[in-house]
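The values are calculated or read from the model by the stated rules, or taken from the named source; none is laboratory data. Note that the structure is predicted; figures quoted are calculated from it, not measured. Reconstructed Cβ throughout: ideal geometry from the backbone, glycine too, with neighbour counts over all protein chains shown.
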Amino acid sequence: MIRHFHIRAIALPMVLWCIAFLAGLVVLTGGLVRGWIESESLAERKFVARQMALSGIALGLNPAVENGSPLLRKGDKNTEGYEVKITNESARLNPNFWIQSGNRAIFNRLFANWGASLAEAESAIDSLQDWIDGDDLVSLKGAERGDYERAGRPGYPANRPLKHIREMESVINLAPLLAAKQGWQEDFTIWYSGKISIQHVTEPILTALVELTPIQCQSLIEMRVGRDGVENTADDQKLESIEAVADFLGAGGKQRAALLEFFDTSGDLRRIESTGWCGGVSHKIVVIAPTGGAGQMMSWEEG
């Protein structure tokens, strides 16, 4: 009798332990399954968001689809859909072009508008010059291999033109100015080479480089967008010459000189930014391509 009682006394904790073990196993398995389901759901939403972005790119590349078209937005960010923004790459400043042209004034004006001192701007420009040129000669306030090695960054500078504007963040003396300027990437390009297009330039660049007043900027933009009030559409008024633009704005002296030095009426390169959504997940694709659909795409970036 005592032996039977002893066996039952041992069996009870074993049963309880097995129950606890199985309960823990169920919880663990449930957590793993739930995590797997969530992972699969996230992967599916990412896939759908990318497909939505691709749909937007296909529309943006179609020359028949104009900026402002209702086709360029579909759905809702909380469900699924896409939004496409079409701008022009010729509205941006190409560092390779301006450095190789020997024009420092455009950088001085831009950096001054950002709030940089003359000394900071000169150091940044010299360092950018040393990054882009093909020699190891140090500019007055620039940086060459020895400076990068002392900073723990051997193998720099590249001594070639920039292949992506993100490289600018690696340029000694320029990097601090970029870090302090939110959205600096919107001012630059490496895809369009030439003077900035007055047909597409944005108000911030006009203000920084030409010091146009808000009224002058608004007058120019309203004049060139045409009756529909939308940039980059068929009814945009084509600007014939920089001199005519200066006359229209009543620009004289420094304003006229800056317009003639930094701007041109040519330049047309489509920039398509398509963002796709699905269930709170987004995916963005940026494409640079010739306007009109002729020619190969120049750049494709996803993120």
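Close Cβ contacts (under 8 Å, 6 or more residues apart or on different chains) running from residues in the range 225-245 that are exposed (fewer than 13 other Cβ atoms within 10 Å of the Cβ) to residues that are basic (K, R) and not in a loop (DSSP other than H, G, I, E, B) comprise Q237/R224. Of all the criteria given as (1) in contact with an Asp or Glu (Cβ under 9 Å, 6 or more places away or on another chain); (2) over 20 Å from E120 (Cα atoms), the one not satisfied by A179 is (2).
A search for C-beta distances below 7 Å between a residue of the range 134-146 that is assigned by TED's automatic domain parsing to the domain that holds A121 and any residue that is among the β-branched types (V, I, T), counting only pairs 6+ apart in sequence or on different chains, returns A143/I172; E144/V138. Within the range 117-151, being buried (at least 17 other Cβ atoms within 10 Å of the Cβ), out of contact with any Ser or Thr (no Cβ under 6 Å at 6 or more places or on another chain) and among the aliphatic types (A, V, I, L, M) holds for A121, A124, I125, L128, I132.
Does T79 count as touching a residue at least 40 places away in the same chain (Cβ under 8 Å), among the hydroxyl-bearing types (S, T, Y), over 30 Å from D236 (Cβ atoms) and not assigned by TED's automatic domain parsing to the domain that holds M168? Against the criterion (touching a residue at least 40 places away in the same chain (Cβ under 8 Å), among the hydroxyl-bearing types (S, T, Y), over 30 Å from D236 (Cβ atoms) and not assigned by TED's automatic domain parsing to the domain that holds M168), T79 qualifies. Evaluation of A258 against the conditions (1) farther than 27 Å from W191 by Cα; (2) touching a helix residue (DSSP H, G or I) at 6+ places or on another chain (Cβ under 7 Å) shows that the sole unmet condition is (1). Determine, yes or no, whether V210 is at pLDDT 95 or above and farther than 30 Å from M52 by Cα. So V210 fits the description; yes.
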